[in-house]
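What follows is a single structure, written as structure tokens, with notes after it.
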Amino acid sequence: MEKPAHKKFSVPVVISLLLTIIPLVTTSLITAWAIGHESLLRTWSLQTWIMVSVMLTITSSVALTPPTFLALVYGYFLGWIAMPLLFGLNLGAIALIYITANFFHAASVRDSLVRIYPQVSGLLRRFYQNELRVIFFAKLSPVLPFTITNLFFAVAGARLKQVLVGGMLGMVPRTVLAVWAGREARDIRYLLEHPNEGLWTKVILILLIAVSTLGMGYLFKDRRPA
């Protein structure tokens, strides 16, 4: 007897949950480490930060270190000098996720989803029609998990160039906001334990979420005549 459809995708569901929960654990560990080793981090040279960024590119691609969280830390210790490092980190992690997903046959997952849930084909059609804009609005949101959204793009069949361009453009506002917050902070413990402190920070985050939600809602809206 064929298994119910909801059983077939128990593994992807578990993976999605893990990719959501794991960053919460790792950010807590990094926060504790950074607070305890602040004096050491202040002695790191730019070359050391570059090497660390290469390693963090890999960990970010497997959901261990969320890039926006890292932007807070980088902003605190490096200020605006951190921006090129963070852009490189984001692009590298996005590319690694895309390449890894396709290595494990993301297209076969997409085909299975379309076969089991025919309505997915309509969503994919609208995604292809607005590929760059959908990616931009998705990455604009500070609440959508970094790894999961990039996995979705790979499974959906987005082109790597579009994922890189749209992902980077979408990440710019929240990365700039995080670096600014880190640069202005006077205490790393308070910064990492209260990353969204401040009226203007809250207002900007709400605006980013609203623009992201409205943008994707409009692009995915079925505008065929009734």
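The values are calculated or read from the model by the stated rules, or taken from the named source; none is laboratory data. As the structure is a prediction and not an experimental result, all values here were calculated from the model. Cβ placement follows ideal geometry from the backbone for every residue including glycine, while neighbour counts extend to all protein chains displayed. Remember, those area values only see protein heavy atoms, side chains included, never the ligands or the DNA or RNA. Shrake-Rupley method; radii C 1.70, N 1.55, O 1.52, S 1.80 Å.
Sorting 157-165, 22-30 by their mean Cβ neighbour count within 10 Å, with the most densely packed peptide first, gives 157-165, 22-30.
Between Gln129 and Val176, the FRET efficiency estimated from the beta carbon spacing at R0 = 25 angstrom works out to 0.25. For the chain, the residue among Tyr74, Gly92, Ile135 whose Cα projects farthest onto the positive side of the dipole built from Cβ charges is Ile135. Summed over the residues of the chain and divided among them, the accessible surface reaches 56 Å² per residue at a probe radius of 1.4 Å.
Note on the chain: with charges restricted to the Cβ of Lys and Arg (+1) and Asp and Glu (-1), its dipole about the Cα centre is near 820 debye.
Name the shape class, rounded, prolate or oblate, that the alpha-carbon gyration tensor gives for the stretch 23-102, where a ≥ b ≥ c are the square roots of its eigenvalues, rounded holds for a/c under 1.5, and otherwise prolate holds if a/b is larger than b/c and oblate otherwise.
Oblate shape, in that a/c is at least 1.5 and b/c is the bigger or equal ratio.
Annotation for Val62 and Asn196: the two label points, set 7 Å from Cα along the Cα-Cβ direction, are 2.9 nm apart. In deg cm²/dmol, rounded to 500, what helix-only [θ] at 222 nm does the chain give when every DSSP H run of at least 4 residues adds -39500 (n - 2.57) and the total is split over its residues? So the helix-based figure for the chain works out to -26000 deg cm²/dmol. The label point for Thr48 and the one for Val25, both projected 7 Å from the Cα toward the Cβ, are 2.9 nm apart.
The share of accessible area on the chain that comes from carbon and sulfur is 71 percent, using a 1.4 angstrom probe.
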